[in-house]
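Readers should treat all values here as calculations from the given coordinates under stated rules, not as data from a laboratory. These numbers come from a predicted model, not from an experiment. Here the Cβ positions follow ideal geometry from the backbone for every residue, glycine too, while neighbour counts run over all protein chains shown.
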Amino acid sequence: MTWEELDHPCSERAVDYALACAAQRIDAHDDERAVLVHGDVHQWNALESDDGFKLVDPDGLLAEAEYDLGIIMREAPLELLDGDPHERARGLALRSGLDATAIWEWGVVERVSTGLLGTKVGLQPAARQMLAAADLVAE
């Protein structure tokens, strides 16, 4: 497991919480509701164009729409902790008409998985910040 290979860069509690959230999303999967999602929506994959922004470098996954908003949840981890961390998920849900709990859970999964991958490849300080946020929201 990457967490062990990296000498535990976040708490076991954070990893357990991410795994529990992943299990919830697996249990909630519904082929009838699944859509093609980008799979990696973040500021580095959004290019400004004459008519707004274009998303590039898609992973193209079949999942619930909340998955892409979970990616947004993992971004700006320090900002996430300024106030109620669930507020971002509620705001995204309100604007999109999607489920706040699913957005939150995908954010938890993405924060830990991306934080571990980022640690492995040396993407610092972003990975360290994601995992610090993961520790705090898992409390």
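Numbers below:
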read-out	value
Three-way shape label, the range 78-139, alpha-carbon gyration tensor, a/c 1.5	prolate
Hydrodynamic radius of the chain per Kirkwood, over alpha carbon pairs, in Å	15.4 Å
Karplus (6.51, -1.76, 1.60) ³J(HN,Hα), θ = phi - 60°, over the range 26-36, in Hz, Gly and Pro reported as x	5, 4, 7, 4, 9, 4, 5, 9, 5, 9, 7
Theoretical FRET efficiency, 1/(1+(r/R0)^6), r = Cβ-Cβ of ARG95 and GLN124, R0 30 Å, to 0.05	0.45
Efficiency of FRET from Cβ geometry, GLU87 and HIS29, R₀ 30 Å, rounded to 0.05	0.70
Nearest-0.05 FRET efficiency for ASP50 and LEU117, computed from C-beta distance (R0 22 Å)	0.05
Stretch gain in nm, segment GLU4-LEU61, where the contour uses 0.36 nm per residue and the Cα spacing is subtracted	17.8 nm
GluC sites (Glu not before Pro) restricted to the range 61-91 and DSSP loop, no more than 12 other C-beta within 10 Å	none
For the chain: relative contact order, % (alpha-carbon pairs under 8 angstrom, 6 or more apart)	31 percent
